[in-house]
Amino acid sequence: MSEANQLFFEQASELLSKIEIRYRQADFDDQVQLKKERDRAMALFSRARLAIMKEGIICTDADVEQMKQLQQKIDSSTDVLQVVATIAKFTAFVRSRFLL
């Protein structure tokens, strides 16, 4: 596996962990808003990871940088709508980059 792929997987996994933490820390109403997006992000990442490994896709430095930027957005999100928007950006990126 390429170094960029390894870094991408690490960054994406860390992002998903941060999403999970934000979900678990949220109150019930916010959890309701986050659950669908969180579940979609995790499912899409699983499919993308499989596609990357099965099809020999090589992640780029830009892919790794995108994950870092999304992590920063999650870290700086102050409300649930910002978290949901960042999760949506993650799922759109993963879908367009690795699943089309």
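Return yes when K89 is without any contact (Cβ under 8 Å) to a residue 24 or more places away in the chain and either under 15 Å from A41 (Cβ atoms) or surrounded by fewer than 15 Cβ atoms within 10 Å (Cβ to Cβ) (or both) and no when it is not. The answer is yes for K89. Looking across K18, K54, one residue alone is charged (D, E, K, R) and touching a helix residue (DSSP H, G or I) at 6+ places or on another chain (Cβ under 7 Å). It is K18.
Checking each residue in the range 60-86 for being polar (S, T, N, Q), in a helix (DSSP H, G or I) and more than 16 Å from A41 (Cβ to Cβ) picks out Q72, S76. Selection of the range 18-59 for residues being more than 13 Å from N5 (Cβ to Cβ), touching a residue at least 40 places away in the same chain (Cβ under 8 Å) and outside any helix (DSSP H, G or I) yields only A26.
Restricting attention to the range 60-81 and to residues that are β-branched (V, I, T) and touching a residue at least 40 places away in the same chain (Cβ under 8 Å), the residue that is surrounded by the fewest Cβ atoms within 10 Å (Cβ to Cβ) turns out to be T60.
Here, each number is a calculation from the coordinates, and none is a lab measurement. Keep in mind that what you see is a predicted model, and the values were worked out from it rather than measured. Positions of Cβ are backbone-derived with ideal geometry, glycine not excepted, and every protein chain shown enters the neighbour counts.
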